[in-house]
1. I'd like to know if region B:132-143 contains one or more residues that are surrounded by fewer than 16 Cβ atoms within 10 Å (Cβ to Cβ) and touching a Leu at 6+ places or on another chain (Cβ under 8 Å).
2. Please state which one of A:Glu60, A:Glu53 is over 17 Å from A:Phe20 (Cβ atoms), open to solvent by 50 Å² or more (accessible area, probe 1.4 Å) and at pLDDT 95 or above.
3. Run A:Ser201 past the list (1) within 8 Å of chain B (Cβ to nearest Cβ); (2) touching a helix residue (DSSP H, G or I) at 6+ places or on another chain (Cβ under 8 Å); (3) not β-branched (Val, Ile, Thr) and report the number of the one that doesn't hold.
4. For region B:227-243, give me each residue that is farther than 21 Å from A:Gly243 by Cα and facing another protein chain (nearest Cβ under 8 Å).
5. Just to be sure I understand the filter: pairs with C-beta atoms under 6 Å, separated by 6 or more residues or on different chains, first member in region A:82-107 and not assigned by TED's automatic domain parsing to the domain that holds A:Lys19 and assigned to a helix (DSSP H, G or I), second member at pLDDT 95 or above and open to solvent by less than 30 Å² (accessible area, probe 1.4 Å). Which pairs pass?
6. Checking the conditions here, which among A:Thr75, A:Thr127, A:Thr150 is hydroxyl-bearing (Ser, Thr, Tyr), open to solvent by less than 20 Å² (accessible area, probe 1.4 Å) and either farther than 30 Å from B:Gly246 by Cβ or free of Cβ contacts under 8 Å to residues at least 12 places away in the same chain (or both)?
7. From the residues in region B:213-225 that are in contact (Cβ under 8 Å) with a residue 60 or more places away in the chain and open to solvent by less than 10 Å² (accessible area, probe 1.4 Å), which one is farthest from the other protein chains (Cβ to nearest Cβ)?
Protein chains: 2
Amino acid sequence: MTKKTFHWGIIGLGKIAHKFAQGIAVLENASVYAVASRTPKKAKDFARQYNVEFYYNSYEDLMYCDGIDAIYIATPHVFHFENTMLCLRHKIAVLCEKPFAINNRQVQKMVATAKANNTFLMEALWTRFLPSIEKVLELIANDVIGEVHTIKADFGFKAKFDPQNRVFNNALGGGALLDIGIYPLFLALLIFGKPNNIQASAKTGTTYVDETCAMILDFPKNKIAILHATIIADTPTEAFIYGSKG
Amino acid sequence: MTKKTFHWGIIGLGKIAHKFAQGIAVLENASVYAVASRTPKKAKDFARQYNVEFYYNSYEDLMYCDGIDAIYIATPHVFHFENTMLCLRHKIAVLCEKPFAINNRQVQKMVATAKANNTFLMEALWTRFLPSIEKVLELIANDVIGEVHTIKADFGFKAKFDPQNRVFNNALGGGALLDIGIYPLFLALLIFGKPNNIQASAKTGTTYVDETCAMILDFPKNKIAILHATIIADTPTEAFIYGSKG
């Protein structure tokens with residue numbers, strides 16, 4: 001007897017949706033079952049390329065497609081909120097590409113709506129599932145580096161400047177923090193929990209998005225995180241976790 | 001005709017004074033001429049070891065030693081102010097080990113006193129004279145990395161914890177900032193000038209000194225520095241200088 005195949009829907013068929021479909025293709029018990037794009041040609045081409053059974057030119061139509069187990073939201077940042085809300089209101093489980101939304105108010109509402117509809121909601125933060133992160137948590141749990149007191153992490157790359165480029169485009173929720181600052185932040189919150197104080201500085205460029213963002217987070221029990229994200233410099237993109245044993 | 005030999009006096013004969021004397025020994029036109037320590041044996045032994053002509057058991061006595069061109073202050077941080085002031089009031093040039101003093105009020109007074117007495121006063125910040133720093137300034141001046149917008153630097157080492165150890169001893173002006181935080185700070189100020197905003201967080205340990213210190217400095221023209229110093233972790237101790245060209 002074979003296991004049931006998990007049926008994915010996808011909203012937004014850009015670069016990341018292609019990567020997602022390619023990932024699903026190597027899994028035995030999952031398939032991309034239905035996709036939706038506001039650009040008709042994109043939906044059709046995508047469906048053909050990955051053998052998707054159903055494709056739609058409206059996100060609303062996708063809601064009424066029977067047999068979908070969860071929808072992956074792969075639209076630009078600024079649309080995550082409305083796309084996710086649409087699914088949740090239809091009681092459809094959601095895996096939303098990071099960042100969840102562009103501010104805390106939106107996220108609160110998404111979480112509340114998921115609860116109210118008893119629906120699954122998750123942010124697609126892939127680094128959480130990296131073997132290296134699992135290993136780090138294991139090392140910490142086993143007291144290999146002692147009591148962790150400092151985390152220093154950065155994520156930075158020099159994007160080719162183009163005002164239309166997603167990361168520089170304010171209307172699309174561009175900027176370093178939402179796009180990549182989320183990774184070092186995630187690591188600090190994963191290990192230390194909730195900060196009790198945040199100091200930060202952002203440097204905005206000509207398109208008014210934060211091109212560089214630096215943060216100092218203070219946590220209970222004298223723990224600290226020093227984080228940096230930028231879209232205008234190739235930084236080492238590495239993390240240091242310092243504990244009492246090294 | 002040989003050049004005149006520059007006569008150094010030294011106040012405080014600890015580890016750094018030995019390094020200073022060893023450095024002077026390889027110079028042709030300088031010598032350690034007189035030293036003073038409040039520990040009589042130290043003064044005598046130091047004088048013998050480095051062929052110093054005069055040695056004193058009181059700093060005050062050193063002030064009346066004829067023929068000294070400048071005095072190097074090598075006492076612990078908390079004494080820099082009073083030792084420097086003593087020399088300046090006697091119109092003797094001073095090279096004071098870093099940090100200059102333990103707060104801004106003291107530094108202001110030292111500078112004012114040097115001016116009032118028309119005397120030379122300098123902080124012994126060795127990194128300013130490293131060939132690598134000269135090279136960095138040259139690269140920036142020649143526009144090799146473009147407009148510098150971000151500096152990220154750290155200095156950290158894991159000191160063996162001992163409440164009596166100078167760096168952990170609050171009474172001796174211990175802590176990460178004064179001892180080593182000064183180096184990344186120096187680099188940021190050297191390249192960017194005066195910051196218009198400073199955000200910082202210090203984590204104090206059981207001896208009430210800052211064991212870790214993180215800083216975000218904002219400078220005019222959208223420039224930023226992210227700095228970190230610690231005496232409880234071996235950090236890479238490196239600096240990144242990011243400009244518009246790389």
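1. Yes, there is a match, as at least one residue in region B:132-143 is surrounded by fewer than 16 Cβ atoms within 10 Å (Cβ to Cβ) and touching a Leu at 6+ places or on another chain (Cβ under 8 Å).
2. A:Glu60
3. (2)
4. B:Phe240, B:Tyr242
5. Pairs found: none.
6. The conditions single out A:Thr75.
7. Taking the candidates together, the pick is B:Ala225.
To keep it simple, each residue is scored yes or no on (1) in a strand (DSSP E or B); (2) touching a Ser or Thr at 6+ places or on another chain (Cβ under 9 Å); (3) not β-branched (Val, Ile, Thr).
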{"site": "A:Gly9", "(1), (2), (3)": "yes, no, yes"}
{"site": "A:Phe20", "(1), (2), (3)": "no, no, yes"}
{"site": "A:Ile68", "(1), (2), (3)": "no, no, no"}
{"site": "A:Phe79", "(1), (2), (3)": "no, no, yes"}
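The values are calculated or read from the model by the stated rules, or taken from the named source; none is laboratory data. Note that the structure is a prediction, hence the values are computed from the model and not measured. All Cβ positions, even for glycine, are placed from backbone atoms using ideal geometry, and neighbour counts span all protein chains on display. Surface areas here come from the heavy atoms of the whole protein model, side chains and all, with no ligands, DNA or RNA. Shrake-Rupley method; radii C 1.70, N 1.55, O 1.52, S 1.80 Å.
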